[in-house]
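> The following block contains the structure, expressed as structure tokens.
The values are calculated or read from the model by the stated rules, or taken from the named source; none is laboratory data. No experiment lies behind these values; they were computed from the predicted model shown. FYI the Cβ positions are ideal-geometry reconstructions off the backbone, even for glycines, and counts take in every protein chain you see.
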Amino acid sequence: MRWLTLLSLFLAFLARLPAQDGTLTLAAAFEPPTAKAGDKVVLVLTATVTEGWHAYGTLEKQNTPVGLARDNIKAAGLEIDGEPVIPPGMRKTVPFESFPLPNLFTVRQAMKVPTAMADGNVVVTGVLDFAICNETGCLPPDQAAFTATLVVGAGAAMPTTTKPGLQLVPDEKVTIAARFEPATVRAGEVSMLVLTVTVHAKEYHAYGALETTNKPVRLEPTSVDAGVLELVGEAQVPPGEKKMLGRIEQYPLPHVFEVKQWMRAPAGTKPVAIDVSGALDYQICTETFCDEQTTIDFDAKLVVEAGEARAEATKPPASNSEDDDNPFGGSWWALILACIGGGLFALAMPCTYPMIPITFSFFTKQAEKRGGNVMSLAIVYGLGIVLMFTLVGAVLSEVIIDVVNHWATNVVIGAMFVFFAFVLFGWINLSPPRFIQDFAGKASTTGGYLGVFFMGATLVITSFTCTAPIVGSLLANVAQFGTVRVAIGMAIFGATMAAPFVVLSLMPGRVKVMPRSGEWMETLKISLGYVELAAALKFVSMVDFAFGWKALPRELFLLLWVAIFGMWALFLFGILRKAGSANEGVGAGRMASGMFVTLLATYFLFGAIGNKLDKVMTSFIPNYSNSLMSSAGGKGAKKHLGDHSLIYDNPVQAMQVAKAEDKLLLYNFTGFN
């Protein structure tokens, strides 16, 4: 029996070893492939790793990083120029900090052709050190051999372009074209040097003037040989488009951008063609690594003609501070349509759903008191929503986001939903304090408009967690054009949000005149109690997420919903009845509603056992699973985590995973909610 035990342990150990199917293949080439004595070249090693495996960058501490040692390169007479450029890797923190590389990466080693080297083919060989791993383990450290050939000859100079003003860097990732606008000036006039830069590699980008993490594009005055021309002001480099890489703020540029520098032909300059040359500093990066900072040369020609300087051309034109590309600063229709579209999009957010039963139940009671006439209250309700969105959007947007995302706010709102669910069930008789009753008595002379107004404000606050990104996006584009546009834009946004709720608030008045309205309303109120009870779990899950307890995982959340919707279905079928109510049978409408709720409960059970749900439910329920189902090797892990991979604080990695798995990306950008 002892040998059977040892055999079992050995087999279990083998089962935990990674499958031996991970490989790294290496291709080597020189850029450029031909050179002459004295030229500099770059040895480029392109590594391809089997899908599901990865090597590690230079920042790696736990595993063996990729390395290219000088002793491992047989340069065949070429001179090694500096250290190799190896990607640092993309930082991951789960389960520990590591810096894996993508499946395709390059290692670059600068080399120089000696001035005394004879013409002919130079064959360089060597090996690259590496180790590759997958999610379960690593293969032993290994080496990959490479061979590259460089053609050295007196006529093998670096390729040049025939198009004037266009220069190629050795690897042809970036080109630059230089020109003057206007191309001809007179002495005392100015002209703009325009450098059009194109990044040809789709996965690469340069960085704008606002970049602080990587090296931005720069045109230093000392790097420009302008001859007799004078530089006017500083070079104009685009700021870049703000993007977040995890928690790092970056400002990448598009693949084609322009750098501009004003120049003046001094007074007294004789008619002549002036050659201007220089070098632009830049660094290009992918989403996972960067090439080293480098420069690209340019040259252009400015013609100075005879004649007196024209007054309008002696200084650069005043810059226009208004962004003509921003539609919010131009047509009012663009502003209106954008705000209406934002309001319609916000209505689809899950944070607005819980206010539907509250609105309906509130106006049901008002309709009973007023004989169905709630039109004026509905209008005031809508005005409250519009005004509060205007104030919150324009004044309190930054503060309110922190408030609604705070765990204490979610505790209060969740408790309120449970409380009102018990009220709708009839378990609690809502009796306000005496001072509130006195205030309500005074307010009754005005028809209770103040209370309705603040109820609209409550809708804004409870829904602002989901609507804040939309409001913030609109404000970011509108705020620069003045307070008037901000106020009008937010009013349009609020009106779009308010319209469906105003219509909803009028429904109880219409329902009042329907036959058997009392019994129908009682069924509806208890049904809405179940809805509010289910909605309260959403806020409880936000508190759980805020503290990192993970006490309410996806499966438990859905099982609780199964229980709530199951009891709701039993109530609609007449099996569960309110205490003291008689069993008067169940009508066809109530029976159909019960069947629909049963289907919903079944659907939630389908998700609770680890199956994939629709996009709306996936965004609403907690995004983590029970530890037993998500543990490595568990059946639930493959079924659930295979459907929904979770990436924290790394949008670039999340996008890569989504592309690799050919799935949609759900981006949770609203804080805890």
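> Considering segment 73-121 alone, what residues qualify as being in contact with a Phe, Trp or Tyr (Cβ under 9 Å, 6 or more places away or on another chain) and of a type in the set (K, R)?
Correct list: R91, K92.
> Does V127 meet the test of being over 36 Å from the mean Cα position of the chain (by Cα), surrounded by 14 or more Cβ atoms within 10 Å (Cβ to Cβ) and at pLDDT 90 or above?
So V127 fits the description; yes.
Matching residues to (1) surrounded by 17 or more Cβ atoms within 10 Å (Cβ to Cβ); (2) in contact with a Gly (Cβ under 9 Å, 6 or more places away or on another chain); (3) at pLDDT below 70:
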| residue | (1), (2), (3) |
| --- | --- |
| I296 | yes, no, no |
| A300 | yes, yes, no |
| A306 | no, no, no |
| K315 | no, no, no |
| A318 | no, no, yes |
| D324 | no, yes, yes |
| F328 | yes, yes, yes |
| S331 | no, no, yes |
| F345 | no, no, yes |
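> In addition: With respect to D281, is the statement that it is charged (D, E, K, R) and either closer than 27 Å to H54 by Cβ or without any contact (Cβ under 8 Å) to a residue 60 or more places away in the chain (or both) true?
No; evaluated as a whole, the condition is false for this residue.
> Still on this structure: Across segment 263-306, what is the number of residues that are polar (S, T, N, Q) and closer than 19 Å to E181 by Cα?
Of the residues in segment 263-306, 2 are polar (S, T, N, Q) and closer than 19 Å to E181 by Cα.
> Restricting attention to segment 223-281, which residues are part of a loop (DSSP other than H, G, I, E, B) and over 30 Å from M90 (Cα atoms)?
Matches in segment 223-281: A226, G227, V228, L229, A265, P266, A267, G268, T269, K270, P271.
> Scan segment 390-408 for residues that are in a helix (DSSP H, G or I) and at pLDDT below 75 and jot them down.
Scanning segment 390-408 gives V392, G393, A394, S397, E398, V399, I400, I401, D402, V403, V404, N405.
> Inside segment 180-222, can you point out the residues that are surrounded by 18 or more Cβ atoms within 10 Å (Cβ to Cβ), out of contact with any Phe, Trp or Tyr (no Cβ under 9 Å at 6 or more places or on another chain) and in a strand (DSSP E or B)?
F180, V185, R186, H205, listed by residue number.
> P216 - would you say it is modelled with pLDDT under 90 and closer than 18 Å to L280 by Cβ?
It is false that P216 is modelled with pLDDT under 90 and closer than 18 Å to L280 by Cβ.
> Working carefully through the options E287, E241, E305, find the one that is within 17 Å of T198 (Cα to Cα) and among the acidic types (D, E).
Checking each option against the conditions leaves just E241.
> For segment 531-556, what are the residues that are buried (at least 22 other Cβ atoms within 10 Å of the Cβ) and either touching a His at 6+ places or on another chain (Cβ under 6 Å) or among the aromatic types (F, W, Y) (or both)?
Hit for segment 531-556 is F539, nothing else.
> Could you list, in sequence order, the residues of segment 216-259 that are without any contact (Cβ under 8 Å) to a residue 60 or more places away in the chain and among the basic types (K, R)?
Within segment 216-259, K242, K243 meet the criteria.
> For segment 106-127, does any single residue satisfy the condition of being among the charged types (D, E, K, R), under 22 Å from G22 (Cα atoms) and in a loop (DSSP other than H, G, I, E, B)?
no
> May I pose another question? Output the residue which, of all residues in segment 53-89 that are among the small types (G, A, S), assigned to a loop (DSSP other than H, G, I, E, B) and more than 30 Å from the chain's Cα centre (by Cα), is surrounded by the most Cβ atoms within 10 Å (Cβ to Cβ).
Among those that are among the small types (G, A, S), assigned to a loop (DSSP other than H, G, I, E, B) and more than 30 Å from the chain's Cα centre (by Cα), it is A75.
> Kindly check whether there is at least one residue in segment 619-630 that is within 19 Å of A551 (Cα to Cα) and modelled with pLDDT of 75 or more.
yes
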